[in-house]
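Enquirer: Pasting a structure here, questions to come.
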């Protein structure tokens, strides 16, 4: 301990003395002078002559200057001193060649800035700690099924069983997603609500700012009607009055007592498939829905581990749980399913991880190219500096010292680039995020802060060292005599440096090609998806969500009467061609999922099947083509025979291609006759359509519809001849006129829904495109530099050729060939690398072979064309070489 | 710097501390001279090397310095031990003697037959 203390103290003193150098110099001078005098006097006393006494004293001392130097080395921080002088020197040289400096800094700014922005996204989404106390103890239940992992939902009974394995858990909470009609006075609003178990808030460690959380007894049995509001809702509907506590509010027509208000800005991060982007506004006890079909079967589980519990203990406990659950609930936990807990933070972004890793890797490539470019520039400049460097070596500078100085230069460039890059990133992050899909989890956690700054600093240093490495090594291997002998100081040493520079350009082209191939694959996928067609015609289609739970409609008849009234009003609007209503989900969004059994001679097991309830004009309004049979008609009523319309995927998968018409199927134990087949409207563009059954809204069981509506809003769908969004207000008013207490939700065109379903892909595609383009530009700049250098170096040779009768086209071709040699090398290596690396994209491309030869050829051609452009200018310059001047150059 | 030189540096520091303990406050020239004399001329020492060593000791806080006047009325910088310096000297002297004793035993061992 004392030793360390002593060391710190010594260094501190040295640093302090470094700052007050001149005074200390003078003092030591005086000390030495007194030393010499004492010694001389002693010598005189011993009988020496004055001259001999002085000489002997100096000799014994070991040289005044040498002593001073050693003393100084001990006194201050010699490396700091050289670093400072290197720094000053580098600044001076950089200022002298501003063209070079500007290009190098610009290159690095782009490279580092883009890396900073992407890092901010990666850090915010994947690594930033969640804003809860001790967030690393919060875990989410996950299931691993043959290597795939995902969230796992439990039933209320299973949740209770899980709680019995309590050794590692402090709290185990369940929550599920729901929507509520909130009526206050005579205005209705649909809000996103979350039924949660009483200990949910303990798991997250966040408690109501006003009032209290749920008591255990309120979450027992059938549950009591109490509610906790979000701060935002409290402000919006209660003017942030404290009297809101204890008040009754109507949720889905039932009276709930408000017990608490969550703190402002509280976000539980529970991602909702159904209402992506909609914040949670209300929490109610889980017991209220725990025993119901639907919600009670889809409880997501969060747990707070006891302090100090290790992942291995957790895993051991969970393998016990898995064993027990396989025995007790074989239907839900198959022999291959493994239950486990993963950290909440991990689970929130699990789906995005591969995308982000891909982006981060790609932008890393861009930075590498930027490094190569700067190294290239430094080497090019090294050519004209060879003489200066040789001269300094001749004067005694060591190789190490010179390397350090060159490295200092590239470090300064990189730090300047880093500072500008950080500014660039903070200016550009907004537009980057505007491009991002808005339901990206943790979007609000993305911002530039200390950690991002540290990252920028570190990669700046890394970039500086990387790009300075080649020139620095080259400088130490310089052949002094050669250079000093050579007439113009650069004639002979170019060869190995040229090879290095050419190697760098080949590398740049190879990296760019890999990036562009990735971008090409994403673009091809995107085009394919757009061309696939969603199975409906989104042109001119408007949709509006609404909810009937908690309203005055308590039977299927009342509901469909309301439908007809709304449809009649909307149909009478000008430019509306047709209007229908669908429940349990729109195309391209998540919707109702049920099961089906074929009846009759081809009887089958229960099979999964998507389920929708539609009014007669829905198919026409959505533009879903009828393939055979008939659509749903007005004559399909509660009392007529029970029918269903299915899609083509249904026929293919479950009816083995037989004519579907007249077949009978069981949907929820009701036998229905299939009367029509419609085209496949996809739920996701990049997956084949799921078998789907549509039943007439008039024949939908009322209780079932209510459950579907908890998750999926009912939706008005209309087709118009004008811009559909211009009808938004009129449609909302139509519903309001029929019943002001029916809350309406988002008004969106199907085009919007279509593009949103591709948002993540288009984000990725655009970013990869931008990165690829950036990479290509940088590589071209590098190539341009190298070819210009080649032309300059071979001026004399070109002059001779021209003097001997070479035509300009010959010269042009000569130089172009030089450039193409590099490009072909780069393309060849790039193609090989891309063949290996595009395999990483396999999960992100759709209907495109990740080794599609067409894309490889196109990208290679693009690179060659761009590189020809980069070579053009220097090649033209070569053709204009005047042989007289070139030969006189000596 | 070679390993040997480091050892030399370490012993030089110890010699300086011991000199200051024996003779009390002293200037750099006096210290260098004393070390040379004590070694009986076996050690040949560049007097200049004591200064970085003195500085190092001062930075570590084992000695302190002050300008004073010498016997023959010359201005000179005088060094003297601090309390920490005394302790360090004690400790290092002991370590050194121990090491020496062990090595001496080791070297005087008879070859076994």
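Enquirer: Quick one: angle between helix A:556-571 and the longest Cα principal axis of chain A, in degrees between 0 and 90, rounded to 10, please.
Expert: 60 degrees
Enquirer: How many nm is it between the label spots at residue A:684 and residue A:652, if each spot is 7 Å from the Cα in line with the beta carbon?
Expert: Placing both labels 7 Å beyond Cα along the Cβ direction yields 1.7 nm.
Enquirer: Take every DSSP beta bridge whose two residues both sit in region A:147-335, then give the antiparallel share in percent to the nearest 5.
Expert: Just about 75 percent of them are antiparallel.
Enquirer: Let me ask something additional. In whole Å, how far is the Cα centre of region A:633-677 from that of region A:82-144?
Expert: Region A:633-677 and region A:82-144 have Cα centres separated by 59 Å.
Enquirer: A further question follows. What is the average number of partner chain Cβ atoms found within 10 Å of a Cβ in A:29-37?
Expert: Mean number of neighbouring Cβ atoms from other chains: 6.
Enquirer: While we're looking at this one, here's another question. Note down the relative contact order for region A:32-186 as a percent, whole number, built from C-alpha pairs under 8 angstrom at least six residues apart.
Expert: Rounded, it is 7 percent for region A:32-186.
Enquirer: Once you place label points 7 Å from the Cα toward the Cβ at residue B:83 and residue A:603, how far apart are they in nm?
Expert: Going by the 7 Å Cα→Cβ label model, 10.1 nm.
Enquirer: When DSSP beta bridges are limited to those with both residues in the protein assembly as shown, what percentage is antiparallel, rounded to the nearest 5?
Expert: 80 percent
Enquirer: Also, I was wondering about something else. Pop the C-beta distance of residue A:267 and residue A:539 into the FRET formula with R0 = 45 Å and round what comes out to the nearest 0.05.
Expert: Between residue A:267 and residue A:539 the formula returns 0.75.
Enquirer: Hey, how many Å between the Cα centroid of region A:277-341 and the Cα centroid of region A:779-810?
Expert: Taking the Cα centre of region A:779-810 as reference, the centre of region A:277-341 is 71 Å away.
Enquirer: Quick one: go through region A:765-789 and flag any residue whose amide nitrogen is under 20 Å from the point 7 Å out along the Cα-to-Cβ line of residue A:804.
Expert: Backbone N within reach: none found.
Enquirer: Contact order normalised by length for chain A, with contacts defined as Cα pairs under 8 Å and 6 or more residues apart; what percent is it?
Expert: Contact order relative to length: 15 percent.
Enquirer: Just checking the output field for B:29-39: average partner chain Cβ neighbours within 10 Å of each residue's Cβ?
Expert: The per-residue average across the peptide is 2.
Enquirer: For chain B, with a Gaussian network of springs between Cα atoms less than 10 Å apart, report the residue from B:83, B:74, B:33 with the top mean-square fluctuation.
Expert: Looking only at B:83, B:74, B:33, the biggest GNM fluctuation is shown by B:74.
Enquirer: So, one more: So how do A:420-428, A:408-416, A:4-12 stack up, highest first, on mean other-Cβ count within 10 Å?
Expert: So the peptides A:420-428, A:408-416, A:4-12, ranked by packing, come out A:408-416, A:420-428, A:4-12.
Enquirer: Contour minus end-to-end for residue A:755 and residue A:733, with contour as 0.36 nm per residue of separation and end-to-end as the Cα-Cα distance?
Expert: 5.3 nm
Enquirer: Compute the helix-to-body angle for A:450-476: its Cα long axis versus the longest principal axis of chain A, expressed 0 to 90° and rounded to tens.
Expert: Between the helix axis and the principal axis of chain A, the angle is about 40 degrees.
Enquirer: Simple spin-label model, 7 Å along Cα-to-Cβ: residue A:388 to residue A:92 in nm?
Expert: 1.0 nm
Enquirer: Another question about this same structure. Give the relative contact order (percent, whole number) for region A:2-76; include only Cα pairs under 8 Å separated by 6+ residues.
Expert: 38 percent
Enquirer: Turning to a different aspect of this structure: Between residue A:861 and residue A:833, what is 0.36 nm times their sequence separation minus the Cα-Cα distance? Round to one decimal in nm.
Expert: 8.4 nm
Enquirer: Place a point 7 Å from Cα of residue B:64 in the direction of its Cβ. Which residues in region B:79-113 have their backbone N less than 20 Å from it?
Expert: Residues passing the 20 Å test: B:79-90.
Enquirer: Cα axis of helix A:353-394 to longest principal axis of chain A: angle in degrees, 0 to 90, nearest 10?
Expert: 10 degrees
Enquirer: OK, next. What average number of partner chain Cβ atoms lie no more than 10 Å from the Cβ of the residues making up A:100-110?
Expert: That average works out to 0.
Enquirer: For an R0 of 45 angstrom, estimate the FRET efficiency from the Cβ-Cβ distance between residue A:792 and residue A:145 and round to the nearest 0.05.
Expert: For residue A:792 and residue A:145, the calculated efficiency is 0.10.
Enquirer: Okay, moving on. How would you rank A:644-652, A:698-706, highest first, on the average number of other Cβ atoms within 10 Å across their residues?
Expert: A:644-652, A:698-706
We did not get these values from a lab; they are worked out from the coordinates using the rules stated. This one's a predicted model, so the numbers in the text were calculated from it and none came from an experiment. Heads up, the Cβs are rebuilt from the backbone with ideal geometry, glycines too, and the neighbour counts pull from every protein chain shown.
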